[in-house]
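Colleague: The structure is given below, and queries will be raised subsequently.
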Amino acid sequence: MREALQPENSSAGAAEHFYSGALTRIRRSMLGFAPVLVAGALWRFGWPTAAGLVVGCAIAYINFHWLKRVVSGFADRAVGETRSTSGGIVPRFLLRYVLMAIGAYAILTVSPASLRGFLAGLFLPVAAILCEAVYEVYAALRRGF
């Protein structure tokens with residue numbers, strides 16, 4: 001009976017290990033997509049749009065990183081692993097939106113043509129998460145997770 005449970009246990013451990021790497025894969029995808037998208041925007045739309053895309057991608061990457069930290073902080077606080085106050089968590093959560101608003105305002109005043117690149121760059125995590133979802137479905141079907 002005990003031997004019959006071993007393969008499931010090792011499979012569950014492998015699946016847990018695989019899925020725990022999702023955030024790392026998403027961040028790497030974002031870092032891989034950004035230069036390709038910027039090069040394509042530079043070739044197709046010119047430097048103002050490409051510059052806006054660079055700023056949008058940078059803010060999206062920082063935003064994704066901060067969001068991960070905020071969610072981890074909230075989760076740690078909810079399960080009682082940390083006794084810190086929420087004084088640092090809430091301002092960081094709100095700072096993400098302030099940073100996006102400042103970036104949009106700066107780009108709009110400097111070069112309105114680059115605003116579309118900036119807005120497109122903010123969707124960089126969506127592309128990375130979509131690729132991660134497709135990869136996880138593939139892994140689930142291929143490996144049986």
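Colleague: Considering only the range 90-145, how many residues are under 19 Å from Ala41 (Cα atoms) and among the small types (Gly, Ala, Ser)?
Modeller: Count: 10.
Colleague: Residues that are buried (at least 17 other Cβ atoms within 10 Å of the Cβ), within 23 Å of the chain's Cα centre (by Cα) and modelled with pLDDT of 80 or more: list the helices (runs of 4 or more DSSP H) wholly contained in the range 1-119 that include at least 1 such residues.
Modeller: The qualifying helices (runs of 4 or more DSSP H) are 22-45, 47-79, 89-110.
Colleague: Pairs please, first residue from the range 90-107 and within 11 Å of Ile62 (Cβ to Cβ), second anywhere and exposed (fewer than 13 other Cβ atoms within 10 Å of the Cβ), Cβ atoms under 9 Å, 6+ apart in sequence or on different chains.
Modeller: If the second residue must be exposed (fewer than 13 other Cβ atoms within 10 Å of the Cβ), no pairs are left.
Colleague: Going through the range 25-46 one residue at a time, which ones are within 18 Å of His65 (Cα to Cα) and free of Cβ contacts under 8 Å to residues at least 40 places away in the same chain?
Modeller: Listed by number, the residues that qualify are Arg28, Leu31, Gly32.
The values are calculated or read from the model by the stated rules, or taken from the named source; none is laboratory data. All values reported here derive from a predicted model rather than from experimental measurement. Glycine also receives a Cβ, built like all others from the backbone with ideal geometry; neighbour counts cover every protein chain displayed.
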